[in-house]
Amino acid sequence: MGIKKRIGPQTVRFSSPPAVLSCACAAGVKECQGPLGKCVDVPCEDDLLGQDSWEKAESQLQRYALDAVLRKAGAEADSLDVIFAGDLLNQCIGSSFGLRDAGAPFYGLYGACSTMSESLSLAAMSIDGGFAKRAMAITSSHYCSAERQFRLPIDYGAQRAPTAQWTVTGSGAVLLEKKKPRPAASGVHITHVTTGKIIDAGITDSSNMGAAMAPAAYDTLSAFFNESGLGPEKHDLIVTGDLGAVGMQIVRDLFLDDGVDLGKRYNDCGVMVFDLDKQDVHAGGSGCGCSAVVLCGHIINEMRAGTWKNVLFCGTGALLSQVSSLQGDSIPGICHLVRFSSEVM
């Protein structure tokens, strides 16, 4: 009899953990100047990427990431059973326009900045459930397209609050496949997924999304720890999506209130992607591309190198729109957790 896959209200444990076949990322100029710049597979020399609009440039980022991940895997797009993709733009045009020539079955997703972990969750479940042998998860964001849609065009020169974050110009892609039979199984696998709940802390300031998303990260991580029995001490790295410096500290404080010290094992993609002391990004990075670039350019490669064996990747998203913000509504948050392990046999 197989293992019970659903081990709690929000958490599933895979009976045959999907393997990471390859990963790749593309990123803009500012991102490549940051601490992880050397990890980027496709560094872009300018943020228009030869296109005539910011939105088309974002689609180009996804094409770069897709081409790079397939090249590294020695695969073609027609070998994919399904692509799960999303971005921040209305109707997810960054993904649908960027991948329209891929010729593979496609699901467009919207989880705001949590879309990388959302797409990975669904890709992994589709493989473990026997519905796909190869599945792609890919997301993107672009600073200029996001500013135009959610705040004000950059030409306006609006002043940014200290709590504001800088939307990452980048795209990341992960190609998953069915785990190979023993003893060939090796490398990095996805062992668990915890699907987040919508958590609304009542924050209305769209320039303080770290505070809006932090309670969702705390809620999802708490659910995973309780349902899986795998506490913080079982992991080498716990990384949230793009809470930035403000939201990251809130998560630390919420766990300290429970008597749990996450310690040095905890970090945030929005803090990792930029040098907060040297680059003018205020509270850190954000956007779908933020966690995607950090995961695909840095985390998975470090796991393969043996730096970390067990990692909790917790993508966070602020589920707002320009309409909801103008109407003064609060900002609901979401966090989806994906557990990566190199100890699967």
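The values are calculated or read from the model by the stated rules, or taken from the named source; none is laboratory data. Computed from a predicted model, the values in this text were never measured in an experiment. Here the Cβ positions follow ideal geometry from the backbone for every residue, glycine too, while neighbour counts run over all protein chains shown.
Taking residues in the stretch 308-332 that are in a strand (DSSP E or B), and partners anywhere that are surrounded by fewer than 17 Cβ atoms within 10 Å (Cβ to Cβ), the pairs with Cβ atoms closer than 6 Å and at least 6 places apart or on different chains are 310/236. In the stretch 220-262, which residues are surrounded by fewer than 17 Cβ atoms within 10 Å (Cβ to Cβ), within 18 Å of residue 339 (Cβ to Cβ), of a type in the set (Gly, Ala, Ser) and more than 21 Å from the chain's Cα centre (by Cα)? Once the filter is applied, which keeps residues that are surrounded by fewer than 17 Cβ atoms within 10 Å (Cβ to Cβ), within 18 Å of residue 339 (Cβ to Cβ), of a type in the set (Gly, Ala, Ser) and more than 21 Å from the chain's Cα centre (by Cα), the stretch 220-262 yields 229, 231.
If we scan the stretch 79-101, do we find a residue that is β-branched (Val, Ile, Thr), touching a helix residue (DSSP H, G or I) at 6+ places or on another chain (Cβ under 7 Å) and part of a loop (DSSP other than H, G, I, E, B)? For the stretch 79-101, residues β-branched (Val, Ile, Thr), touching a helix residue (DSSP H, G or I) at 6+ places or on another chain (Cβ under 7 Å) and part of a loop (DSSP other than H, G, I, E, B): absent.
Selection of first residues in the stretch 128-151 that are more than 17 Å from residue 285 (Cβ to Cβ) and of second residues that are among the aliphatic types (A, V, I, L, M) and modelled with pLDDT under 85, restricted to Cβ pairs under 9 Å at least 6 apart or on distinct chains, gives the following pairs, ordered by first then second residue: 148/154. Number of residues in the stretch 75-117 that are surrounded by fewer than 17 Cβ atoms within 10 Å (Cβ to Cβ) and either among the hydroxyl-bearing types (Ser, Thr, Tyr) or within 14 Å of the chain's Cα centre (by Cα) (or both) equals 2. Using the structure shown, decide if residue 69 is outside any strand (DSSP E or B), touching a residue at least 60 places away in the same chain (Cβ under 8 Å), under 23 Å from residue 342 (Cα atoms) and not assigned by TED's automatic domain parsing to the domain that holds residue 241. Yes: the conditions hold for residue 69. Please tell me if residue 41 is farther than 23 Å from residue 338 by Cβ, acidic (Asp, Glu) and either free of Cβ contacts under 8 Å to residues at least 40 places away in the same chain or out of contact with any Ser or Thr (no Cβ under 9 Å at 6 or more places or on another chain) (or both). Spelling it out, it is not the case that residue 41 is farther than 23 Å from residue 338 by Cβ, acidic (Asp, Glu) and either free of Cβ contacts under 8 Å to residues at least 40 places away in the same chain or out of contact with any Ser or Thr (no Cβ under 9 Å at 6 or more places or on another chain) (or both). Of the numbered criteria (1) touching a strand residue (DSSP E or B) at 6+ places or on another chain (Cβ under 6 Å); (2) surrounded by 17 or more Cβ atoms within 10 Å (Cβ to Cβ), the one residue 72 fails is (2).
Taking helices (runs of 4 or more DSSP H) as the structural unit, those lying wholly within the stretch 176-281 and holding at least 2 residues that are in contact with a Cys (Cβ under 8 Å, 6 or more places away or on another chain) and either touching a residue at least 40 places away in the same chain (Cβ under 8 Å) or among the β-branched types (Val, Ile, Thr) (or both) correspond to 209-228. Looking at the structure I just gave you, is residue 32 in contact (Cβ under 8 Å) with a residue 40 or more places away in the chain and within 22 Å of residue 301 (Cα to Cα)? Against the criterion (in contact (Cβ under 8 Å) with a residue 40 or more places away in the chain and within 22 Å of residue 301 (Cα to Cα)), residue 32 does not qualify.
Look at (1) under 21 Å from residue 176 (Cα atoms); (2) at pLDDT 95 or above and you find that residue 78 fails only one, number (2). Exactly one residue out of 319, 312, 295, 337 is touching a Ser or Thr at 6+ places or on another chain (Cβ under 8 Å) and surrounded by 20 or more Cβ atoms within 10 Å (Cβ to Cβ), and it is 337. May I ask you to verify whether residue 49 is at pLDDT below 95, buried (at least 21 other Cβ atoms within 10 Å of the Cβ) and either assigned to a loop (DSSP other than H, G, I, E, B) or touching a strand residue (DSSP E or B) at 6+ places or on another chain (Cβ under 8 Å) (or both)? Criteria met by residue 49.
One residue stands out in the stretch 13-46 among those that are part of a strand (DSSP E or B) and β-branched (Val, Ile, Thr): the one that is surrounded by the most Cβ atoms within 10 Å (Cβ to Cβ), namely 20. Please find, within the stretch 282-293, the residue that is modelled with the lowest pLDDT out of those that are under 17 Å from the mean Cα position of the chain (by Cα) and part of a loop (DSSP other than H, G, I, E, B). Per the criteria, the residue is 284. Scanning the stretch 1-33 for residues that are in contact with a Gly (Cβ under 8 Å, 6 or more places away or on another chain) and among the small types (Gly, Ala, Ser) yields 15, 19, 24, 26, 27, 28.
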